[in-house]
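Asks: Take this structure first; my questions come after.
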Amino acid sequence: QVQLVESGGGLVQAGGSLRLSCAASGLTFSSYGMGWFRQSPGKEREFVAGITRSSYSAYYADSMKGRFTISRDNAKATVYLQMNSLKLEDTAVYYCAAAGRVYGGTTERSYDYWGQGTQVTVSA
């Protein structure tokens, strides 16, 4: 049974930082491209960042470039999202996802497995 478990969310002031983690089990982690998505109240889920299987390439939504960094540790079967310079509009539930291919892409349908999400709240 595949499980993706996010952690590291919480309440942070605008301008602050958080590091999210997503621990995977039940799959060969190094065979999966990984991604982070987020969903704010009343909005559709949107792509945040992705990383290829071997960390060869990382890619981001435009609004996250320069502020967020995705990384992975295949030995620990974990993917991370370092979020800096957080803004009020970054408040959302953040989800990690796994795609059974080198490159997961930026669309939800490209991903095969999803975590339950972790809440990030940015306050003024």
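Computed from the coordinates by the stated procedures, all read-outs in this text should not be read as laboratory data. All of these numbers come straight from a predicted model, not from anything done at the bench. Every residue, glycine as well, gets a Cβ built from its backbone with ideal geometry; the counts of neighbours run over all protein chains shown.
Asks: Can you bin the stretch 1-63 into rounded, prolate or oblate? Criterion: square roots of the alpha carbon gyration tensor eigenvalues sorted a ≥ b ≥ c, rounded for a/c under 1.5, prolate for a/b above b/c, oblate for the rest.
Replies: The shape class here is prolate.
Asks: Further question: Tell me, what is the percent relative contact order of the stretch 21-78, built from C-alpha pairs under 8 Å that lie six or more residues apart?
Replies: Here the relative contact order equals 34 percent.
Asks: Here is a further query. When only Cα pairs under 8 Å and 6 or more residues apart are kept, what is the percent relative contact order across the stretch 1-114?
Replies: 33
Asks: Near Lys87, which lysines are there with a Cα under 22 Å away, not counting those fewer than 8 places off in the same chain?
Replies: Lys43, Lys65
Asks: For the chain, build the charge dipole from Cβ charges (+1 Lys, Arg; -1 Asp, Glu) around the Cα centre, then report which of Asn74, Met34, Asn84 sits farthest towards its positive end.
Replies: Result: Asn74.
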